Amino acid sequence: MPTTITIRIQMPTGPSQIVLDEDATVAQLAAAIKEKAEGLDIASIKYGWPSAALKFRGGDDDSVRDKTVKSLNLHRERLTVVLSENPEPAPEPPSAPPPVEGPNEHDPPTVRLPTGNDLVLRVMADDNSCMYTAMMPIIRQSAQERGMDVSTAGALRQVIGQQILSQPDTYNSAVLEKSPGAYVENLLNPQSWGGSIELNVLSELFDIEICVVSVNNGSVIYQGEGQHERRCVILWSGIHYDRVVETLFGGAADTGDTEFDVCTWDCATSDHILKGALEMAAILKENNYAHDSNAAVYSCKQCGWVGQGEKELIKHCQATSHSEIQTIDDK
């Protein structure tokens, strides 16, 4: 009897799974996922930690597509479908019934607000710059007023790095856990992730309270709490940042039209936005979008190291420069 591989898929419409032959290739996996997606415009598929991607837009490496799913250790892995942020609208089916208003447990993460508008999750590309990409539209106008270029993740990394180096008393070796020069050198590496220090810099530089909603524990971590008049909300899955926005007209959540997204609010009058974001986080956690990086157990395929928690993993990677890391299944 042939051996099969089971792969869990987190689709925008809810969790699913795919069963493939043991010798199935990545190309066959991609075809199976596209079939499950039923016409949705897929940008990439996220898997593993540190997060990697099976890309669905040009530049696919044939050698990767020809690899077997087993060789990438995807058995029992949970993959997350990332849609294009600006997908081409799908043709409307004839005589389609009007959609049911308001989300339910099987819908994508959209929350109806008391105002009648929708709170929507805009999923960022999985390219190690998700935090920067999530913040770019939020600070764009303020950056333009200051004559700063934040049009790309790389440009925003440069802005943050310059700010860190300009405040050596605030961002010193004790705070950064390495010299400011070494920290900024790593920050400018497009493969490095952004985190609390970078968010703190953005909060101070662009006068905005940044509310980070954790999917894993349903908490809110504030950068610049009580210091600014405006706030924004981003969502943290444990390994990935996404942007939370308010849509002001019906259908924007479904079409992916981001032109009129509202992504900043008055701190004094937007508690309903935070409440909606926490409701969204709860929906996502039920759909297995959370990743507890402190509880997870990791192993290094290069040397056999095994450790628990993100901090220990970072220590190992920094000490050895190893990058071939996998999560050990707890089942």
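The values are calculated or read from the model by the stated rules, or taken from the named source; none is laboratory data. Please read these numbers as outputs of a predicted model, since none were measured by experiment. Side chains are part of the model used for accessible areas, which takes the heavy atoms of the whole protein and leaves out ligands, DNA and RNA. Shrake-Rupley method; radii C 1.70, N 1.55, O 1.52, S 1.80 Å.
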Calculate one ³J(HN,Hα) per residue across segment 190-199 by plugging θ = phi - 60° into the Karplus curve 6.51 cos²θ - 1.76 cosθ + 1.60, and present them in order as whole Hz with x for glycine and proline. x, 8, 8, 8, x, x, 5, 5, 5, 5
Students often get this wrong, so check it: of 46/275; 178/275; 275/315, which have C-alpha atoms separated by over 32 Å? 178/275; 275/315
What is the set of long-range amide H partners of residue 230 at a cut-off below 5 Å, with H atoms built 1.01 Å from backbone N? 209, 267
Tell me, in nm to one decimal, what length is gained between residue 262 and residue 165 on full extension, where the rule is 0.36 nm per residue of separation less the Cα-Cα distance? 31.7 nm
Residue 305: accessible area at probe 1.4 Å, nearest 10 Å²? 60
Of all accessible surface on segment 148-196 at a 1.4 Å probe, what whole percent is carbon and sulfur? 51
